[in-house]
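Visitor: Would you mind keeping the following structure in view while I ask a few things?
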Amino acid sequence: MNRTMKTAVGMLAVAAMAVPLAACGGGSGSGSSDGKGTVYFLNFKPEANDQWQELAKKYEEEKGVKVKIQTAASGTYEQTLKSELSKSEAPTIFQVNGPVGYASWKAYTADLKDTEIYKQMNDQSLALSDGDKVVGVPYVIESYGIIYNKDLVAKYTALDGAKIKEASEINSFDKLKEVAQDMQKRKADLGIEGAFTSAGFDSSSDWRFKTHLANIPLYYQFKKDNVETQPATIKDMYMDNFKNIFDLYIDNSTTPKTQLSSKTGDDASSEFALGKAAFYQNGTWAWSDLQKAGMKADSVGMLPIYIGVDDATEGLATGSENYWCINAKASEADQKASEEFLNWVISSDEGKESLSTDMGFTTPFKTFNDVKTDNPLIADANASIQDSKLTQVAWDFSMMPSEEYKNVLGQAMLAYAQGTGSWDDVVKAFVDNWATEYNATHE
């Protein structure tokens, strides 16, 4: 997972790289002379440009519809989009990164509720909505949770008096706590240094807690209050649950709490890969490092981050910063052509192969349910998404008001862990500082 994804919001820009396939035969201004409409996709991912160009070429050859792909250079998408949308031949398909990005382009987003790409979503709650309107459909998703070592859990279940007989019984915060605390007491029997890897607060690791862990109580608050767009203030609703899960991490870890400031992301990954801990909070992107460190695919799985709220129906924390939007100001013919192009991308053999294999994306569509993966964490994520009894935890951290907000929260969490600060300070950093940072970024 790259730094942009970790920090959730970060698409501000300075320049652009245009790589057109062919002259667009009308764009949003006029449509094509044959009435088929044309497609113009402003792509966010430079690393996928070649694949999009090839898809556009194949689609044009097969359907006779003009498709233009323009790719913004890394870090330039917002400014490029602003420039392109002001033109007569504007993008018919563009991207937003979530609620904050959507707020800038609200007037340009068509309702996708009746489109095939929305209908084909395994879990439609992952779509970006504004009231009854579906304004964005994610085409790249990632999931995070508590990665666990299946071999160590199996070793634990074989001990006399083990709290579970198999990993599937860890299905609530209470059960996770019971197992983790028992593992911590029986470290010598298991050959581990702690139930959890170190909760490091070095900058390579702290995002796992100040952003990803903090997201869980935030998600339940927003879910309860039906919050869909970035609020100016938040409440103190699930802070006890937040404290309980954080305490579980730092009290049952490989590392003394006084050493957390210097522990890195690599430390946690190494501890887990070497079998020094059974549990490791991270996401689907972590598999490549674990595999390089020698772990086998059948030795890892992923659990939701249970905090004691709706545990029975909680899925993994699953989200995206890559939402397709269709330009509502484009002609009807161009909007229809754009819908049909995206449907072809997610349903044709060429499109599926390109997205899943060539671009390496995990996608949320039913049309990909038969696509196999060699990443065991993605396999668990797909199973969670496809389980109709589960609701995936949304990535509401994308609504956090600033990077400074996260930094202040992280500093308060570290001080609490080390005993130099109180949990009340964490609550203030979580709740009060939201309003402070929101106001600072909305002056």
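Visitor: Taking K223 as the residue in question, decide whether it is open to solvent by 40 Å² or more (accessible area, probe 1.4 Å), touching a Phe, Trp or Tyr at 6+ places or on another chain (Cβ under 8 Å), over 25 Å from V153 (Cβ atoms) and part of a helix (DSSP H, G or I). Don't jump to the end; show me each part of the working.
Guide: On the way: open to solvent by 40 Å² or more (accessible area, probe 1.4 Å): yes; touching a Phe, Trp or Tyr at 6+ places or on another chain (Cβ under 8 Å): no; over 25 Å from V153 (Cβ atoms): yes; part of a helix (DSSP H, G or I): yes.
In short, no.
Visitor: What do you reckon, is T362 part of a loop (DSSP other than H, G, I, E, B) and within 26 Å of K57 (Cβ to Cβ)? Full working, then the answer.
Guide: Numbers: part of a loop (DSSP other than H, G, I, E, B): yes; within 26 Å of K57 (Cβ to Cβ): yes.
Yes, satisfied.
Visitor: Out of all the residues in the stretch 342-368, which are at pLDDT below 95 and within 28 Å of Y220 (Cα to Cα)?
Guide: Once the filter is applied, which keeps residues that are at pLDDT below 95 and within 28 Å of Y220 (Cα to Cα), the stretch 342-368 yields F361, T362, T363, P364.
Visitor: Tell me the residue from L274, L290, L260 that is under 26 Å from K155 (Cα atoms) and open to solvent by less than 10 Å² (accessible area, probe 1.4 Å), please.
Guide: Answer to the check: L290.
Visitor: A further question follows. Do you know which residues across the stretch 83-105 are over 25 Å from the mean Cα position of the chain (by Cα) and not in a loop (DSSP other than H, G, I, E, B)?
Guide: Result: S83, E84, L85.
Visitor: If F242 satisfies all but one of (1) closer than 18 Å to T197 by Cβ; (2) surrounded by 21 or more Cβ atoms within 10 Å (Cβ to Cβ), what's the number of the condition it fails?
Guide: For F242, the failing item is (1).
Visitor: So which residues in the stretch 269-289 are at pLDDT 95 or above and more than 20 Å from L213 (Cβ to Cβ), if there are any at all?
Guide: Passing the criteria: S270, A273, L274, G275, K276.
Visitor: Further, regarding this structure: Under 6 Å by Cβ, and 6 or more places apart or on different chains, what pairs join a residue from the stretch 333-357 that is within 15 Å of K58 (Cα to Cα) with one that is of a type in the set (D, E)?
Guide: Close Cβ pairs satisfying both conditions: N343/E116.
Visitor: Just to be sure I understand, how many residues within the stretch 234-244 are touching a Gly at 6+ places or on another chain (Cβ under 8 Å) and either without any contact (Cβ under 8 Å) to a residue 24 or more places away in the chain or closer than 11 Å to I305 by Cβ (or both)? Before you say what the answer is, go through the steps one by one.
Guide: Step one: of the stretch 234-244, the residues touching a Gly at 6+ places or on another chain (Cβ under 8 Å) are 241, 244.
Keeping just the survivors that are either without any contact (Cβ under 8 Å) to a residue 24 or more places away in the chain or closer than 11 Å to I305 by Cβ (or both) gives 241.
Total satisfying the criteria: 1.
Visitor: Hey, G301 hits all of (1) within 17 Å of G145 (Cβ to Cβ); (2) open to solvent by 20 Å² or more (accessible area, probe 1.4 Å); (3) of a type outside the set (V, I, T) but one; which does it fall short on?
Guide: Answer for G301: the failing condition is (2).
Visitor: Taking only the stretch 336-356 into account, find how many residues are under 19 Å from the mean Cα position of the chain (by Cα) and surrounded by fewer than 18 Cβ atoms within 10 Å (Cβ to Cβ). Even if it seems obvious, please write down each step before you answer.
Guide: Taking the stretch 336-356 and keeping what is under 19 Å from the mean Cα position of the chain (by Cα), we get 355-356.
Narrowing further to those that are surrounded by fewer than 18 Cβ atoms within 10 Å (Cβ to Cβ): 356.
Result for the stretch 336-356: 1.
Visitor: Continuing with the same structure: Which number in (1) assigned to a strand (DSSP E or B); (2) open to solvent by 60 Å² or more (accessible area, probe 1.4 Å) marks the one condition that N282 misses?
Guide: (2)
Visitor: Show the residue pairs meeting these rules: Cβ distance below 9 Å; 6+ apart or different chains; first residue within the stretch 42-54 and surrounded by fewer than 16 Cβ atoms within 10 Å (Cβ to Cβ); second residue modelled with pLDDT of 95 or more and among the charged types (D, E, K, R).
Guide: From the stretch 42-54, the pairs are E54/E350.
Visitor: Looking only at residues in the stretch 320-331 that are under 23 Å from S129 (Cβ atoms) and more than 25 Å from the chain's Cα centre (by Cα), which one is most open to solvent (accessible area, probe 1.4 Å)? Give the derivation first.
Guide: Within the stretch 320-331, the first condition is being under 23 Å from S129 (Cβ atoms), and the residues that meet it are 320-330.
Right, trim to more than 25 Å from the chain's Cα centre (by Cα) and you get 328-330.
Working: A328: 43, K329: 122, A330: 9 Å².
Applying the filter and picking the extreme gives K329.
Visitor: Can you name the condition, by its number, that T373 falls short on among (1) modelled with pLDDT of 95 or more; (2) part of a loop (DSSP other than H, G, I, E, B)?
Guide: So the condition that T373 fails would be (1).
Visitor: Another question, then. Scan the stretch 230-238 and tell me whether some residue there is touching a strand residue (DSSP E or B) at 6+ places or on another chain (Cβ under 7 Å), among the hydroxyl-bearing types (S, T, Y) and either open to solvent by less than 40 Å² (accessible area, probe 1.4 Å) or not in a strand (DSSP E or B) (or both). Working first, answer last.
Guide: Taking the stretch 230-238 first, the residues touching a strand residue (DSSP E or B) at 6+ places or on another chain (Cβ under 7 Å) are none.
Checked the stretch 230-238: no residue is touching a strand residue (DSSP E or B) at 6+ places or on another chain (Cβ under 7 Å), among the hydroxyl-bearing types (S, T, Y) and either open to solvent by less than 40 Å² (accessible area, probe 1.4 Å) or not in a strand (DSSP E or B) (or both).
Visitor: In the set A167, A188, A199, A162, which member is surrounded by fewer than 20 Cβ atoms within 10 Å (Cβ to Cβ) and under 29 Å from S320 (Cα atoms)? Spell out the reasoning first.
Guide: Details: A188 fails: under 29 Å from S320 (Cα atoms); A199 fails: surrounded by fewer than 20 Cβ atoms within 10 Å (Cβ to Cβ); A162 fails: under 29 Å from S320 (Cα atoms).
On inspection, the qualifying residue turns out to be A167.
Visitor: If you scan the stretch 374-390, which residues turn out to be open to solvent by 40 Å² or more (accessible area, probe 1.4 Å) and out of contact with any strand residue (DSSP E or B) (no Cβ under 6 Å at 6 or more places or on another chain)?
Guide: From the stretch 374-390, those open to solvent by 40 Å² or more (accessible area, probe 1.4 Å) are 374, 379-380, 383, 386-390; that's our starting set.
Matches in the stretch 374-390: D374, A379, A383, Q386, D387, S388, K389.
Visitor: Yes or no: E62 modelled with pLDDT of 95 or more, farther than 21 Å from M399 by Cα and in a loop (DSSP other than H, G, I, E, B)?
Guide: Details: modelled with pLDDT of 95 or more: yes; farther than 21 Å from M399 by Cα: yes; in a loop (DSSP other than H, G, I, E, B): no.
For E62, the condition - modelled with pLDDT of 95 or more, farther than 21 Å from M399 by Cα and in a loop (DSSP other than H, G, I, E, B) - is not met.
Visitor: Quickly run through the stretch 116-128 and pick out the residues that are within 26 Å of Q230 (Cα to Cα), surrounded by 18 or more Cβ atoms within 10 Å (Cβ to Cβ) and of a type outside the set (A, V, I, L, M).
Guide: Result: Y118, N122, D123.
The values are calculated or read from the model by the stated rules, or taken from the named source; none is laboratory data. All figures in this text were calculated on a predicted structure; none of them were measured in a lab. Please note: Cβ atoms are built from the backbone with ideal geometry, for glycine as well, and neighbour counts cover all protein chains shown. SASA here: full protein model, heavy atoms, side chains in, ligands and nucleic acids out. Shrake-Rupley method; radii C 1.70, N 1.55, O 1.52, S 1.80 Å.
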